[in-house]
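Read through the structure below, which is laid out as structure tokens, and then see the notes.
The values are calculated or read from the model by the stated rules, or taken from the named source; none is laboratory data. Since the model is a prediction, treat every value here as computed from it, not as a measurement. As a convention, Cβ positions derive from the backbone with ideal geometry for all residues, glycine included, and neighbour counts pool all protein chains shown. Each accessible area value is taken on the protein alone, full model and side chains, heavy atoms only, with ligands, DNA and RNA left out. Shrake-Rupley method; radii C 1.70, N 1.55, O 1.52, S 1.80 Å.
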Amino acid sequence: MNDYTNIRVLVVDDEPAIRDSLSAFMDYYGFETAACGRTEEARELMMEKPFDVCVVDLRLPGLSGEDLILLARKRFPEQRYIIHTGSISYNLSHELRAVGMRPEHVFHKPIRVLPILVKRIKELAQNPLAQAFEA
């Protein structure tokens, strides 16, 4: 396994089984991982120390995952995001495209090839221009 301990990943998903298994997978790969089930908790964790990449479910209690990403981008522009959704028909909104998200940053549940997720996280964490705001 590669050592990704220098990459901080936050998993935000309200389904405990999915959140726990995805977090355990990230831990196995060596990422510094935190996990939570609500957007309010995610924002608190981000305030403590921003993350390199946040893996965010779209359907969350209260604030949606998309709204969380858009608000967090304003406060933490260095963070990058991956959407993890159960909606097969989901397409990126214009707002998320405007902050640099692309279709390859969207993963549908269940993720069948987890190493691709690891690759995307690594790319986003190591590329300072990835998901940069468009002028």
Requested in this report: Look through Glu66, Glu41 and report the one residue that is in a helix (DSSP H, G or I) and surrounded by fewer than 16 Cβ atoms within 10 Å (Cβ to Cβ).
Outcome: Glu41
Requested in this report: Could you list, in sequence order, all residues of region 99-117 that are in a helix (DSSP H, G or I) and either open to solvent by 20 Å² or more (accessible area, probe 1.4 Å) or without any contact (Cβ under 8 Å) to a residue 40 or more places away in the chain (or both)?
Outcome: Pro103, Glu104, His105, Leu114, Pro115, Ile116
Report summary line: Selection from region 43-67 of residues under 22 Å from Gln126 (Cα atoms) and in contact with a strand residue (DSSP E or B) (Cβ under 6 Å, 6 or more places away or on another chain) yields Leu45, Phe51, Asp52, Val53, Cys54, Val55, Val56
Query raised in the report: Taking only pairs six or more apart or across chains, which ones have beta-carbon atoms under 8 Å, a first residue in region 72-91 that is closer than 23 Å to Lys119 by Cβ, and a second residue that is among the polar types (S, T, N, Q) and open to solvent by less than 20 Å² (accessible area, probe 1.4 Å)?
Result: Ala72/Gln79; Arg73/Gln79; Arg80/Gln131; Tyr81/Gln131
Requested in this report: Taking Phe51 as meeting all but one of (1) in a loop (DSSP other than H, G, I, E, B); (2) over 13 Å from the mean Cα position of the chain (by Cα); (3) under 21 Å from Arg73 (Cβ atoms); (4) not basic (Lys, Arg), write down the number of the exception.
Outcome: (2)
Query raised in the report: Do we have Arg80 as charged (D, E, K, R), open to solvent by less than 40 Å² (accessible area, probe 1.4 Å), under 13 Å from the mean Cα position of the chain (by Cα) and modelled with pLDDT of 95 or more here?
Result: yes
Query raised in the report: Listed residues Glu66, Glu44; which is out of contact with any helix residue (DSSP H, G or I) (no Cβ under 7 Å at 6 or more places or on another chain) and among the acidic types (Asp, Glu)?
Result: Glu44
Query - Candidates Leu60, Leu96 - the one that is in a loop (DSSP other than H, G, I, E, B) and buried (at least 20 other Cβ atoms within 10 Å of the Cβ) - result: Leu60
Query raised in the report: Consider Asn6 against the criteria (1) part of a loop (DSSP other than H, G, I, E, B); (2) under 19 Å from Ala98 (Cβ atoms): it satisfies all of them except one. Which criterion is unmet?
Result: (2)
Query raised in the report: Are there any pairs, at least 6 apart or on different chains, whose C-beta atoms fall under 8 Å, with the first in region 13-37 and closer than 21 Å to Glu123 by Cβ and the second surrounded by fewer than 19 Cβ atoms within 10 Å (Cβ to Cβ) and hydroxyl-bearing (Ser, Thr, Tyr), and if so, which?
Result: Gly30/Thr5; Phe31/Thr5; Glu32/Thr5
Report summary line: Given the conditions (1) loosely packed, with under 15 Cβ neighbours inside 10 Å; (2) of a type in the set (Gly, Ala, Ser); (3) in a helix (DSSP H, G or I), every one holds for Ser87 apart from (3)
Query - Selection count, region 9-38, where residues are part of a helix (DSSP H, G or I) and more than 13 Å from the chain's Cα centre (by Cα) - result: 10
